[in-house]
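Enquirer: The structure is given below, and queries will be raised subsequently.
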Amino acid sequence: MSLLDNVINAATSAISGNGEQNQAVQLVSQLVQQNGGNVGELLGKLQQGGLGDALQSWIGTGSNASVDASQIQNALGSNLTEAAAKVGLDASSASNLLAQYLPNIINAITPNGNAADANGFGLDDIARIVMQNFLK
């Protein structure tokens, strides 16, 4: 386990009382790793997977559009299945978690309403966002 994995695990472990939130952050971390360690690549995959309008609402400064688990599953496909297995979930449970938490995570990493904010955004940034936004 790398130092970065240790940081993310420590950050997610600090989220007391919400195992689902913890698993959602772990899933996003796995998906980012699968996409070259850069959040921008994950955003591209979501856009290509048909979630462009919802993704824009998450990035923008207005309210976040909701998505359902099947939309997440369709957009991420085998990447979701692989990430879910690494955190001990099946793809259905993983897509349900991401449908609930991914809009807020993406919103948190693009605070100025600009997708370019996520360019170069990596796993260490996810740990920081967890600490700043989910531990309130």
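Enquirer: Using θ = phi - 60° and the Karplus relation 6.51 cos²θ - 1.76 cosθ + 1.60, list the HN-Hα couplings for the range 79-87 in order, rounded to whole Hz, with x at every Gly or Pro.
Expert: Whole-Hz 3J(HN,Hα) from phi for the range 79-87: 4, 5, 4, 5, 5, 4, 4, 5, 10.
Enquirer: Order of 26-39, 87-100, 49-62 by packing, highest average Cβ count within 10 Å first? Write down the numbers at each step before the final one.
Expert: On the way: 26-39: 20.9, 87-100: 19.0, 49-62: 16.9.
Averaged packing, sorted descending, gives the order 26-39, 87-100, 49-62.
Enquirer: Roll a 1.4 Å probe over the protein heavy atoms and report the accessible area of K45 in Å², nearest 10.
Expert: 60 Å²
The values are calculated or read from the model by the stated rules, or taken from the named source; none is laboratory data. Source: prediction; values computed, not measured. When we count neighbours, we look across all protein chains shown, and the Cβ atoms used for this are built from the backbone with ideal geometry, even at glycine. Please note that ligands, DNA and RNA were not included when accessible areas were found on the heavy atoms of the full protein model with its side chains. Shrake-Rupley method; radii C 1.70, N 1.55, O 1.52, S 1.80 Å.
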